[in-house]
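*Asks:* Below is a structure I'd like to ask you about.
The values are calculated or read from the model by the stated rules, or taken from the named source; none is laboratory data. Bear in mind the structure is a predicted one, so any value in this text is a computation, not a measurement. Virtual Cβ from ideal backbone geometry, glycine too; neighbours counted across all protein chains shown. The area values use the complete protein model at the heavy-atom level, side chains included, leaving out ligands, DNA and RNA. Shrake-Rupley method; radii C 1.70, N 1.55, O 1.52, S 1.80 Å.
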Amino acid sequence: MELVINTLVLGAIYSLLAAGIVVIYKASRVVNFAHGEFAVLGAYLYFSLSQAMPGVPAILVVVLVTAICAALGATLYHVLMRRLVGRPPFVAAMVTIGLAIILKAAIVIGWESRSVGLNLTRIVLIDYGRGFRLTLIEAITIVTCIAAFTGIFAFFRYASLGRQFRGVAESALLASQRQVNINLILALAWALALGSAVIAGVLFGGRSILTPQSVFIGLSGLTAALVGGLDSFRGALFGGFLVAAATYLTARLVDPSLAEAVPFVLLLAVMLWRPWGVFGTREELNRV
Amino acid sequence: MRLLRSSILAIAAAAMAAPATAQELKLGYVTDLSGPLAGSYTPTWEGFDIYMQARNEDGGIAGATVDIALDDDGLRADRSVAAARKQIDRNRVIGIFGLSLSSTHAATLAETRKSGVPVVTAFSAIAEALPPAQDYYYSTGVMFEMAGEAIAELTGEIAAEGKVVGVTFDSVGGRAALTHNRLAAEELGYDWGEVIFPVRTADFTPFAQSVNEAAPDVVVGHYGAEQNLGMIAALRAAGYDGPYVIASYGASEATAAQAAQQAGSDENIYMVSRFAPASEEVEGMQALRDAAAAYGVNNPTSMHVTGWVLGAVVADALERCGTECDPEGLNAALQETSVETGGLTGGPITFSGDDHYGTSYWRLYKWDGTNLVAVGDWLAKDGLDFDIESN
C-alpha cells in the first residue's frame with residue numbers, strides 16, 4: 001500500500017510539472033528547460049509569503065503565489081520569449097537554459113542557500129501501521145492532480161480560448177488568419193505553465209525539504225513530458241506516473257543508488273522506440 | 001629637465017616599492033562561501049575571522065597584526081587549487097586555513113606542498129593527518145571514519161542494544177563514515193542496517209520508507225545539514241518516531257532546531273559533535289560570544305565554535321613562530337601544538353611531528369526544544385579502531 005500511495009503522490013507531482021512543459025511546447029514548440037527552477041522559486045516564494053502572513057490560510061497563500069507566478073509567466077513571454085518567435089528552436093531553448101541558471105542563482109542569493117520546509121500539514125488521514133499511512137498533504141496532491149488534468153481536458157475541449165489554443169498549436173499561421181490573438185494565447189500558455197509549476201513546487205515542498213538543489217525535479221518533469229509526448233497532456237499524465245513508478249520502485253525494491261538513473265534509461269528506451277513520445281504526435285523532429 | 005625627470009622617476013619608484021609591512025602576518029583562508037554547503041562553511045569562517053579580529057584589537061599576535069586573504073572555492077577542487085596558488089603567489093601567505101569539503105583537500109595540498117605552505121583544515125579532515133602524518137597538512141575538523149566510530153560508541157548513551165540503521169549519500173566520505181560506524185557498531189553488539197541514496201536526492205520518501213522498514217532502534221544520518229532536514233521529515237512522515245542522530249558534518253544546533261520543526265516534534269533528536277554548542281556554559285564560550293556581538297555575528301552556533309578553535313590553534317602556532325614567521329617556521333610550530341580550548345572541545349587540540357590530528361573528543365547532545373544538551377561525557381578517540389583498508 002505504501003508503494004502505491006507514494007508512487008501516486010510522486011506521479012501526481014511529476015505529471016503537473018510535465019503538464020506545464022507540454023502547454024508551452026504545444027503552443028510554441030519551445031522546450032522550457034527552466035521549469036524546475038520556476039517550480040522551486042514559486043515554492044520558496046510561498047515559504048516567504050506564508051512566513052510574512054502567518055494568519056492567512058495556506059490555500060490563500062498558494063492562490064496568491066500562483067497568481068504572481070502566472071503573471072510573471074505572461075510578462076516573461078511579452079518581454080523576452082515573444083522576441084524569439086520565428087527564430088530557430090535552439091535559440092529559445094538556449095534562452096530557457098540561461099533563465100534556469102539565473103533563477104537558480106536568484107534562489108541561492110534570495111534565500112541564502114537555506115533549506116526550508118513548507119510544513120503544509122501533518123495530519124494523518126489513514127494509518128495502516130508502520131510506514132503505511134496516507135497523510136492529508138498526500139491526498140491533496142493526488143486530488144490536485146486529478147482536478148488539474150480534468151480542468152485541462154475540459155478547457156481545451158469546451159472553452160473558446162481552449163479551442164483557439166488548439167488552433168495555434170495546430171498551425172499558428174492559420175490561426176492568426178482566423179483572427180486568433182497569437183500573443184495572447186502564447187502569454188496564456190506561459191501563465192498556465194508557471195502557475196502549474198508553482199503548484200507542483202509547493203506540493204513537492206510540502207512532502208520534502210526545499211533546497212536550491214530541488215530544481216532537479218524539473219529534470220523529472222521534463223523526462224515525463226518527453227516520455228509521454230511533448231505535445232500531449234494525456235502523455236504528461238502517463239509519463240509522470242511512469243517516471244514516478246520507475247524512480248520510486250527502483251529506490252525501494254532494487255537499489256537506491258540507481259533511482260536517479262532509471263528515469264533516463266526509460267527515456268532512452270522510449271526515444272529509441274517512439275522519438276515523439278508514447279502519446280505524442282508523430283512529426284518531423286526539428287526541435288532541440 | 002633631466003633633473004626633473006629623474007626626480008619624478010625616483011619618487012615613483014619609491015612609491016611603487018613594496019611597503020614595509022611592519023609587523024603583519026599574512027594568512028590565507030579558502031572555503032565554500034557561495035556553493036551548496038555555504039550555509040555550513042560560512043559560519044566556520046566567521047568564527048575564525050572574529051577570533052583574529054579580537055586578537056588584532058587586543059594587540060595582535062607576536063606583536064604583529066593578522067591580515068587574512070579570503071577566497072571562495074564554491075566547493076570545487078579546481079577553484080580551491082587556484083585560490084591557494086593565488087594566495088601563495090600574490091598574497092604571500094604563510095599558511096592556508098579552512099578549506100571546504102574533503103574532496104577538495106588532496107588537490108589543494110598538492111599545490112600548497114610545492115611551496116611548503118602548511119594547511120590546517122577546520123571542517124573536514126582526511127586520513128593524511130593521521131599517523132604517519134603527511135607533511136604540511138593538519139586538521140581540527142571532522143574525519144569521517146573517526147566520526148563513524150565515535151558515533152557507534154556514543155549510541156550506547158541512547159540504546160544499549162538493538163538495531164542501528166545508518167544512512168548516507170553516495171559519496172566517498174559518506175561511505176567511509178558509514179563503514180566505520182558499521183564496524184564499530186557490530187563490534188559493540190548492535191545489529192546493523194544501512195541505506196545509501198544518490199547525492200542529488202530531492203525526495204527522501206523512498207529512502208525513509210526503506211529505513212523505517214528495517215525496524216531501527218536508532219537511525220544515524222551521515223550527511224550534511226540539508227539532507228538531515230529532508231530525511232528526518234520523511235522519516236517522521238513514514239511513521240518512525242525513534243531516536244535520530246545527526247552526525248555533525250556541517251550541522252549545528254540550528255540544524256537540530258530546524259529538524260525538530262520539520263519533524264513536528266522536539267523528541268528524539270540527537271547530535272554528535274566535536275565542538276560544544278554556543279549555548280553551552282563553558283569557560284571559553286564567553287570570549288566567543290563577546291567577539292560575535294562586537295563584530296556583528298548573530299546567533300553563533302557550534303560551526304562558529306569550530307572556526308574559533310581553529311583560530312586559537314593558528315594563533316598559538318604564530319605566537320611561538322614569532323613576528324618574522326614564515327611557512328617553514330609555522331609548519332614547525334604547528335608540530336608542537338597543544339592548545340586548551342576552555343571547554344569548547346572535550347580536551348586540548350594537540351599536533352605532533354607524526355600526528356597532525358591528535359586526540360579528538362566527541363560528545364552526544366540531545367535537542368530539548370531550545371538548546372542542545374549534553375548527554376554523558378566527552379569521548380576521547382586516540383585514533384581509528386579499524387583500518388581504513390578494511391572498508
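*Asks:* Working only within the range A:120-147, note down all residues that are open to solvent by 30 Å² or more (accessible area, probe 1.4 Å) and part of a helix (DSSP H, G or I).
*Replies:* The answer is A:LEU136, A:ILE140, A:ILE142, A:VAL143, A:THR144, A:ILE146, A:ALA147.
*Asks:* Still on this structure: Working only within the range B:177-204, note down all residues that are under 13 Å from B:GLY221 (Cα atoms), more than 14 Å from chain A (Cβ to nearest Cβ) and of a type outside the set (D, E, K, R).
*Replies:* B:ALA177, B:THR179, B:ASN181
*Asks:* Could you give every pair whose Cβ atoms fall below 6 Å, whose first residue belongs to the range A:92-105 and is more than 15 Å from A:ILE217 (Cα to Cα) and in contact (Cβ under 8 Å) with a residue 40 or more places away in the chain, and whose second residue is in a helix (DSSP H, G or I) and open to solvent by less than 40 Å² (accessible area, probe 1.4 Å), counting only separations of at least 6 or pairs across chains?
*Replies:* That search, which allows pairs on different chains as well, returns A:ALA92/A:LEU84.
*Asks:* Filter the range B:205-221 for residues that are over 30 Å from the mean Cα position of the chain (by Cα) and at the interface with chain A (Cβ under 7 Å from one of its Cβ atoms) and give the result.
*Replies:* Matches in the range B:205-221: B:PRO206, B:GLN209, B:SER210, B:ASN212, B:GLU213.
*Asks:* Still on this model: Going by the structure shown, is B:ALA107 open to solvent by 30 Å² or more (accessible area, probe 1.4 Å), over 30 Å from B:LEU330 (Cβ atoms) and either hydrophobic (A, V, I, L, M, F, W, C) or not in a helix (DSSP H, G or I) (or both)?
*Replies:* Considered against the rule, which asks whether it is open to solvent by 30 Å² or more (accessible area, probe 1.4 Å), over 30 Å from B:LEU330 (Cβ atoms) and either hydrophobic (A, V, I, L, M, F, W, C) or not in a helix (DSSP H, G or I) (or both), B:ALA107 comes out as no.
*Asks:* Going by what's in this entry, would B:LEU235 be described as at pLDDT 90 or above, within 22 Å of A:GLN213 (Cβ to Cβ) and of a type in the set (A, V, I, L, M)?
*Replies:* Yes; evaluated as a whole, the condition is true for this residue.
*Asks:* While we're looking at this one, here's another question. So is A:LEU203 open to solvent by 30 Å² or more (accessible area, probe 1.4 Å) and within 13 Å of the chain's Cα centre (by Cα) or not?
*Replies:* No; evaluated as a whole, the condition is false for this residue.
*Asks:* Tell me the residue from A:LEU242, A:LEU230 that is closer than 28 Å to A:VAL65 by Cβ, crowded, with 20+ Cβ neighbours inside 10 Å and touching a helix residue (DSSP H, G or I) at 6+ places or on another chain (Cβ under 7 Å), please.
*Replies:* So the residue among A:LEU242, A:LEU230 that is closer than 28 Å to A:VAL65 by Cβ, crowded, with 20+ Cβ neighbours inside 10 Å and touching a helix residue (DSSP H, G or I) at 6+ places or on another chain (Cβ under 7 Å) is A:LEU230.
*Asks:* Of all residues in the range B:204-220 being without any contact (Cβ under 8 Å) to a residue 40 or more places away in the chain and open to solvent by less than 20 Å² (accessible area, probe 1.4 Å), which is nearest to A:ILE217 (Cα to Cα)?
*Replies:* B:PHE204
*Asks:* Also: Starting from residues that are hydrophobic (A, V, I, L, M, F, W, C) and within 13 Å of chain A (Cβ to nearest Cβ), keep the ones in the range B:247-261 and report whichever is most open to solvent (accessible area, probe 1.4 Å).
*Replies:* B:ALA254
*Asks:* Output yes when any residue across the range A:82-105 is part of a helix (DSSP H, G or I), open to solvent by less than 70 Å² (accessible area, probe 1.4 Å), out of contact with any Pro (no Cβ under 8 Å at 6 or more places or on another chain) and within 14 Å of chain B (Cβ to nearest Cβ), and no when none is.
*Replies:* Yes; the residues of the range A:82-105 include at least one that is part of a helix (DSSP H, G or I), open to solvent by less than 70 Å² (accessible area, probe 1.4 Å), out of contact with any Pro (no Cβ under 8 Å at 6 or more places or on another chain) and within 14 Å of chain B (Cβ to nearest Cβ).
*Asks:* Among the candidates B:GLY311, B:GLY307, B:GLY296, which residue alone is open to solvent by 50 Å² or more (accessible area, probe 1.4 Å) and either free of Cβ contacts under 8 Å to residues at least 40 places away in the same chain or in a helix (DSSP H, G or I) (or both)?
*Replies:* None of the others qualify; the one that does is B:GLY296.
For every residue, the table says whether it meets (1) touching a Leu at 6+ places or on another chain (Cβ under 8 Å); (2) surrounded by fewer than 21 Cβ atoms within 10 Å (Cβ to Cβ).
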position: B:THR155; (1), (2): yes, no
position: B:ALA160; (1), (2): no, yes
position: B:ALA176; (1), (2): no, no
position: B:ASN181; (1), (2): no, no
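Here's the yes/no breakdown for (1) closer than 26 Å to A:ASP231 by Cα; (2) open to solvent by 10 Å² or more (accessible area, probe 1.4 Å); (3) in a helix (DSSP H, G or I):
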{"site": "A:VAL4", "(1), (2), (3)": "no, yes, yes"}
{"site": "A:LEU8", "(1), (2), (3)": "yes, yes, yes"}
{"site": "A:ILE24", "(1), (2), (3)": "yes, no, yes"}
{"site": "A:PHE33", "(1), (2), (3)": "yes, yes, no"}
{"site": "A:PRO54", "(1), (2), (3)": "no, yes, no"}
{"site": "A:VAL61", "(1), (2), (3)": "no, no, yes"}
{"site": "A:VAL65", "(1), (2), (3)": "no, no, yes"}
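*Asks:* Please go through the range B:223-233 and pick out each residue that is facing chain A (nearest Cβ under 7 Å) and open to solvent by less than 10 Å² (accessible area, probe 1.4 Å).
*Replies:* Scanning the range B:223-233 gives B:LEU229, B:GLY230.
*Asks:* Mind checking which residues of the range B:196-207 are among the hydrophobic types (A, V, I, L, M, F, W, C) and over 14 Å from B:GLY166 (Cβ atoms)?
*Replies:* Across the range B:196-207, the qualifying residues are B:VAL199, B:ALA202, B:PHE204.
*Asks:* Among the residues of the range B:262-284, is there at least one that is surrounded by fewer than 24 Cβ atoms within 10 Å (Cβ to Cβ), in contact (Cβ under 8 Å) with a residue 40 or more places away in the chain, on the phi > 0 side of the Ramachandran plot and over 17 Å from the mean Cα position of the chain (by Cα)?
*Replies:* Among the residues of the range B:262-284, not one is surrounded by fewer than 24 Cβ atoms within 10 Å (Cβ to Cβ), in contact (Cβ under 8 Å) with a residue 40 or more places away in the chain, on the phi > 0 side of the Ramachandran plot and over 17 Å from the mean Cα position of the chain (by Cα), which makes the answer no.
*Asks:* Continuing with this model, one more query. Can you name the residue in the range B:48-68 that is in a helix (DSSP H, G or I) and in contact with a strand residue (DSSP E or B) (Cβ under 6 Å, 6 or more places away or on another chain) and is also surrounded by the fewest Cβ atoms within 10 Å (Cβ to Cβ) among such residues?
*Replies:* My answer is B:ASN56.
*Asks:* Output the helices (runs of 4 or more DSSP H) that fall wholly within the range B:160-261 and possess 3 or more residues being within 30 Å of A:ILE126 (Cα to Cα) and touching a Lys or Arg at 6+ places or on another chain (Cβ under 9 Å), or say none.
*Replies:* Here the list reads B:205-213, B:225-238.
*Asks:* Sticking with this structure for a sec: Can you tell me how many residues in the range A:108-143 are modelled with pLDDT of 90 or more and within 12 Å of another protein chain (Cβ to nearest Cβ)?
*Replies:* Of the residues in the range A:108-143, 1 are modelled with pLDDT of 90 or more and within 12 Å of another protein chain (Cβ to nearest Cβ).
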